[in-house]
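What follows is a single structure, written as structure tokens, with notes after it.
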Ligand SMILES: C[S@@+](CC[C@H](N)C(=O)[O-])C[C@H]1O[C@@H](n2cnc3c(N)ncnc32)[C@H](O)[C@@H]1O
């Protein structure tokens, strides 16, 4: 089990055919492809990335698997311009930098926070947001250090926030959060 397989297992339990899902950090397209399979032909996956390299890479992966997603080269902080409030079943964030890409381009707390706030409005009630935080190394600790208290402070009358940690992993273990809109 790693953070990716954990999140995919939870997502597979939650997402139904015909759903609308968002991949907030498209990267190489593995999450978008996974979600596209879950939603099937009647559903829709909308995926965001700020790097053309990621968009191209994700498009190639999806095409190679005969899958489709709407790939948008824009910040996830603007996701509300593309989706309707209350329409989305699941939103996935895999924070950090593009694997095999430019390590100086990575997610930052301010835009991540804005995207989470907007994403929570886009979710249906009962919808799920999965946020995996990768940190340390080239991307440092700024995002993790600001995100943890932000998520801890989310209103417990409106959201359930579950944290999954790799508890005995010594060096910079990823942390996955599962936020349900009640
Ligand atoms: C860890 S990778 C995502 C991995 C991806 N989900 C996959 O399946 O391969 C993080 C991605 O977030 C992207 N990113 C950074 N800031 C962003 C932003 N403000 N909006 C959308 N994507 C962003 C990076 O370009 C990078 O491709």
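Nothing in this text is a laboratory measurement; each read-out follows from the coordinates by a stated rule. A quick note: this is a predicted structure, and the numbers were derived from the prediction, not measured. FYI the Cβ positions are ideal-geometry reconstructions off the backbone, even for glycines, and counts take in every protein chain you see.
Return the only residue of 150, 159, 134 being more than 25 Å from residue 35 (Cα to Cα) and in contact (Cβ under 8 Å) with a residue 24 or more places away in the chain.
One residue alone meets the criteria, 150.
Which of the residues that make up region 127-144 are over 15 Å from residue 22 (Cα atoms) and either more than 9 Å from the ligand (Cβ to nearest atom) or not in a loop (DSSP other than H, G, I, E, B) (or both)? Quick ask: steps written out before the conclusion?
Just the residues of region 127-144 that are over 15 Å from residue 22 (Cα atoms), to begin with: 133-144.
Those that are over 15 Å from residue 22 (Cα atoms) and either more than 9 Å from the ligand (Cβ to nearest atom) or not in a loop (DSSP other than H, G, I, E, B) (or both): 133, 135, 136, 137, 138, 139, 140, 141, 142, 143, 144.
Can you pull out every residue in region 94-122 that is more than 11 Å from the ligand (Cβ to nearest atom) and closer than 18 Å to residue 138 by Cβ?
None; the set is empty.
Does region 155-182 hold any residues that are surrounded by fewer than 17 Cβ atoms within 10 Å (Cβ to Cβ), farther than 21 Å from residue 13 by Cα and touching a strand residue (DSSP E or B) at 6+ places or on another chain (Cβ under 6 Å), and which are they?
Selection gives 172 alone.
How many residues, within region 98-117, are over 13 Å from the mean Cα position of the chain (by Cα) and buried (at least 20 other Cβ atoms within 10 Å of the Cβ)?
Residues meeting the conditions: 1.
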